[in-house]
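Following: one structure in structure tokens, then a few remarks.
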Amino acid sequence: MKKTNFYTVNFDSDSLSFIDQTKLPNEEIYVTSSSVERIAEAIEKLEIRGAPAIGVAAAYALALSVKESDNVKDDFYKAYQRLARTRPTAVNLFWALDKMKSLFEENPNRNDIYEILLKNAKAIHQDDIQKCDRIAENGLAIFKKKSVVLTHCNAGRLATGGAGTAVGVITYAYEHGLVEKVYADETRPLFQGSRLTAFELEKSGIPFSIQIDSAAAVLMQQNKIDLVITGADRIAKNGDAANKIGTYSLAVLCNYHKIPFFIAAPTSTIDAGIESGREIKVEFRSKDEALKINGMNISKEYYDVFTPAFDVTPNELISGIITEEKLYLPPFNF
């Protein structure tokens with residue numbers, strides 16, 4: 001896949017650097033920090049976002065927690081708990097944290113524990129890069145012709161340590177002549193589609209249009225969409241998938257209009273420990289995200305707001321789940 005001239009997360013000189021996604025697409029600002037608290041805040045504030053990218057950043061943060069510590073055990077577990085509180089729905093976060101925790105507990109009292117943990121964090125990052133590439137390759141199978149694709153939120157390079165999941169599939173397919181155009185949902189309330197996915201599509205030279213979320217039905221009614229592909233933050237054993245709020249609506253629309261609806265995600269997103277989506281804890285965000293834009297009120301601040309960050313799409317609405325292992329078709333049983 002062609003390289004782009006920006007990165008999401010990068011570790012160098014004992015510090016984590018990341019692009020501040022809250023400033024995109026108008027400003028490309030990179031932040032560098034070796035502070036666990038600063039990285040945790042970046043995840044909470046969505047400066048770093050996307051399930052795989054969150055996991056990568058958290059792994060690096062856990063390594064940094066012991067670098068100059070006088071009480072390694074206490075500082076590691078404090079950092080673990082702090083990072084675990086940042087985004088409760090993204091299973092990749094806990095997958096990465098637990099891999100680091102297991103390694104820490106296998107190496108008690110090691111003087112080189114920072115080096116051991118850092119090597120593992122880098123391996124998690126590299127693993128995500130490779131998984132994204134394989135997801136993209138496996139995703140070619142969903143294209144039966146040169147297609148117009150609709151996607152929701154951002155599941156690209158900005159959401160991962162590599163080339164992306166859903167947007168990675170789209171980009172790879174475009175390079176193989178299988179994508180004509182992309183429609184990107186704006187993705188309210190934080191506009192990840194119109195800010196982040198549009199930014200990535202422009203960088204890749206892929207023709208696209210942004211549309212308001214509620215216009216997806218009209219595009220489908222007018223036979224302008226061939227398939228829909230999104231990412232996921234957590235997938236249950238039965239294939240129920242949690243993703244950015246609005247994804248379930250798309251799946252229902254696809255079902256009505258007989259349009260294939262696909263999920264692209266690494267296997268680390270699959271939580272086989274839960275039987276169905278009913279067990280997925282959905283994060284609720286501050287109502288300010290709906291009532292304000294760039295800090296300015298667009299409605300009255302005392303209004304009540306329903307603010308789920310995610311919804312859960314039932315497995316029966318999903319045409320296939322693309323992972324680095326293969327394209328899984330229903331019925332799902334991970």
- Message: Taking the criterion of being at pLDDT 95 or above, in the same structural domain as ALA173 (by TED's automatic domain parsing), at negative phi and basic (Lys, Arg), would at least one residue in the range 256-266 satisfy it?
- Response: no
- Within the range 27-70, can you find the residues that are of a type in the set (S, T, N, Q) and at pLDDT 95 or above? THR32, SER33, SER34, SER35, SER65
- Task: Would you check which residues across the range 67-88 are surrounded by fewer than 21 Cβ atoms within 10 Å (Cβ to Cβ) and not in a helix (DSSP H, G or I) and list them?
- Result: LYS67, GLU68, SER69, ASP70, ASN71, ARG85, PRO88
- Note on the structure: Residue pairs within 9 Å by beta carbon, gap of at least six or interchain, first lying in the range 178-205 and in the same structural domain as LYS287 (by TED's automatic domain parsing), second modelled with pLDDT under 95 and of a type in the set (Phe, Trp, Tyr), listed first then second, are PHE199/PHE6; GLU200/PHE6; LYS203/PHE6
- From the set of residues in the range 19-47 that are in contact (Cβ under 8 Å) with a residue 12 or more places away in the chain, of a type in the set (Val, Ile, Thr) and out of contact with any Phe, Trp or Tyr (no Cβ under 7 Å at 6 or more places or on another chain), which is farthest from LEU201 (Cα to Cα)? VAL36
- Message: Here is a check on your reading of the model: is ALA96 surrounded by fewer than 18 Cβ atoms within 10 Å (Cβ to Cβ) and at pLDDT 95 or above?
- Response: no
- Message: Which count do you get for residues in the range 307-334 that are in a loop (DSSP other than H, G, I, E, B), surrounded by 19 or more Cβ atoms within 10 Å (Cβ to Cβ) and either of a type in the set (A, V, I, L, M, F, W, C) or touching a Ser or Thr at 6+ places or on another chain (Cβ under 9 Å) (or both)?
- Response: 5
- Query: With respect to ALA217, is the statement that it is within 25 Å of TYR172 (Cβ to Cβ), touching a helix residue (DSSP H, G or I) at 6+ places or on another chain (Cβ under 7 Å) and not in a loop (DSSP other than H, G, I, E, B) true?
  - Reply: no
- Are there any pairs with C-beta distances below 6 angstrom linking a residue in the range 274-300 that is in a loop (DSSP other than H, G, I, E, B) to a residue that is among the basic types (Lys, Arg), with the two at least 6 apart or on different chains, and if so which? GLU275/LYS237; ILE280/ARG234
- Please find, within the range 171-205, the residue that is surrounded by the most Cβ atoms within 10 Å (Cβ to Cβ) out of those that are part of a helix (DSSP H, G or I) and aliphatic (A, V, I, L, M). LEU196
- Is one or more of the residues making up the range 129-140 surrounded by 21 or more Cβ atoms within 10 Å (Cβ to Cβ) and basic (Lys, Arg)? yes
- Which of the residues that make up the range 138-170 are touching a residue at least 24 places away in the same chain (Cβ under 8 Å) and more than 16 Å from the chain's Cα centre (by Cα)? ASN138, GLY139, LEU140, ALA141, ILE142, PHE143, LYS145, LYS146, SER147, VAL148, VAL149, LEU150
- Query: Does ILE259 meet the test of being buried (at least 21 other Cβ atoms within 10 Å of the Cβ) and either more than 22 Å from the chain's Cα centre (by Cα) or not in a loop (DSSP other than H, G, I, E, B) (or both)?
  - Reply: no
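The values are calculated or read from the model by the stated rules, or taken from the named source; none is laboratory data. This structure is a prediction, so every number in the text was calculated from the model and none was measured. Cβ coordinates were reconstructed from backbone atoms using ideal geometry, including for glycine residues, and neighbour counts include every protein chain displayed.
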